[in-house]
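Taken together, the values in this text are just the output of simple stated rules run on the coordinates, not laboratory data. These numbers were taken from a predicted model, which means no experiment stands behind them. FYI the Cβ positions are ideal-geometry reconstructions off the backbone, even for glycines, and counts take in every protein chain you see.
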Amino acid sequence: MERDITLTVNGTEHELSVEPRTLLIHALRDEMGYTGPNVGCESSTCGTCTVHVDGKAVKACTELAVRAEGSEITTIEALNEDGELHPLQESFQEEHGLQCGYCTPGMVMTAAEFLEEEPDPDREEIREALEGNLCRCTGYQNIVNAVETGAEKMRTETAADGGTVEGGD
């Protein structure tokens, strides 16, 4: 028996009917066309499906779509603004933090939430924050470099906008 739900994804409300067992990742990709988050292990091991639910990084392969009703869901598609890449997206490109790119959306979404909490992390903190995300084809060194560079860009942007950054310089 299907259930009618409303999901707010990237600021847009979507009404859909899903089986109660439908995973959020499948609702996002198959029902609503958000193909940025990827399906990987479907057991929360790899992190390719990571999205933000109410600002927190969540592995969408272990979250039921019906449980996400009433929450604000953000996918990788919403990180860029006015066609401009998010500083983390730029940094992954510049630092060669991706190869095939399959894990990249999950890595970026995990890092984005982490950097909101810890805007000036050291390299070990970055590694710990990303430990729930796997990459099978790129060395993790470049991914850590990308997050470190992205953090610096985000701090610079915040300072340029007149904001303050907790834990920052």
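Work from the charge dipole of region 87-160 (Cβ charges, +1 for Lys and Arg, -1 for Asp and Glu, about the Cα centre) and give the residue of ILE143, ILE126, MET154 farthest towards its positive end. It is ILE143, whose Cα lies furthest towards the positive end. Rounded to the nearest 20, the size of the Cβ-charge dipole of region 87-160 about its Cα centre is 400 debye, with Lys and Arg at +1 and Asp and Glu at -1. If the segment from ARG21 to LYS56 were pulled out straight at 0.36 nm per residue, it would be longer than the present Cα-Cα gap by 10.4 nm. From the coordinates of this entry, P(r) over Cα pairs in 5 Å bins from 0, in percent is computed, and it appears in (i) 1, 8, 12, 15, 17, 15, 13, 10, 6, 3, 1, 0; (ii) 2, 9, 18, 21, 19, 14, 10, 5, 2, 0, 0; (iii) 1, 8, 10, 9, 8, 7, 7, 6, 6, 5, 5, 5, 4, 4, 3, 3, 2, 2, 1, 1, 1, 1, 1, 0, 0, 0, 0, 0, 0 under the label (ii). The residues packed around GLU15, meaning those with a beta-carbon under 13 Å from its beta-carbon, carry a net charge of -4 if Lys and Arg are +1 and Asp and Glu are -1.
With K and R counted +1 and D and E -1, the other residues having a Cβ less than 9 Å from that of ILE5 yield a net charge of -2. Counting beta carbons within 10 Å around each of PHE114, PHE92 and listing the fewest first gives the order PHE114, PHE92.
With a cut-off of 15 Å between beta carbons, the residues surrounding LEU134 carry a summed charge of 0, where Lys and Arg count +1 and Asp and Glu -1. Look at the alpha carbon pairs under 8 Å that are at least 6 residues apart: their mean separation over the length of region 87-160 gives a relative contact order of 52 percent. The overall shape of region 33-83, judged from the alpha-carbon gyration tensor, is oblate: a/c is not under 1.5, and a/b is no greater than b/c. The relative contact order of the chain, computed from alpha carbon pairs under 8 Å that lie at least 6 residues apart in sequence, is 22 percent.
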